[in-house]
Amino acid sequence: MENAGRVLVGLLALGAMIEGVVELLVGSWIGKVRGFVHPDQAWKRELVLKFSSAVVGIVGCLIFGLDLVGVTLSAFGVAPAMAGPAMYFGQVMSGILLGRGAQWLHDFGSRWIGLDDSG
């Protein structure tokens, strides 16, 4: 279980870094491309940023071997039937979460666990 905490902290830190780097590099690039984002079509900017973040997150999890699904299942004593594919599935799913940035944990905590910002 100690390993699960380290993986979670690593995912949060990488999520914050990915969010910042993608916003800095891709977000500023989108702003400089003339005509790419018309004020009435801000969804284009959001779509490009979300997909860019997801790709960077997935690649990062594959490179570093971060698997939140595997860590969560192992904490409950569940072993996958096919370890190899399960590992890559977990890394891809973790990468998608990373692509959302560190905000996903806050969203999860406020919606499902009942954490409140007012305290």
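The values are calculated or read from the model by the stated rules, or taken from the named source; none is laboratory data. Everything quoted here is computed from the prediction, not taken from an experiment. Glycine gets a Cβ as well: all are built from the backbone with ideal geometry, and neighbour counts include every protein chain shown.
Which of the following residues is assigned to a helix (DSSP H, G or I) and at pLDDT 80 or above: LEU24, LEU12? Step by step, each of LEU24, LEU12 is checked, and only LEU24 is assigned to a helix (DSSP H, G or I) and at pLDDT 80 or above. Residues of the stretch 79-96 that are exposed (fewer than 10 other Cβ atoms within 10 Å of the Cβ) and either assigned to a loop (DSSP other than H, G, I, E, B) or β-branched (Val, Ile, Thr) (or both): ALA79, ALA81, MET82.
Selection of first residues in the stretch 16-37 that are of a type in the set (Asp, Glu) and of second residues that are at pLDDT below 80, restricted to Cβ pairs under 6 Å at least 6 apart or on distinct chains, gives the following pairs, ordered by first then second residue: GLU19/GLY101. Annotation note: of LEU49, LEU68, LEU73, the sole residue that is in contact with a helix residue (DSSP H, G or I) (Cβ under 7 Å, 6 or more places away or on another chain), closer than 24 Å to GLY101 by Cα and free of Cβ contacts under 8 Å to residues at least 60 places away in the same chain is LEU49.
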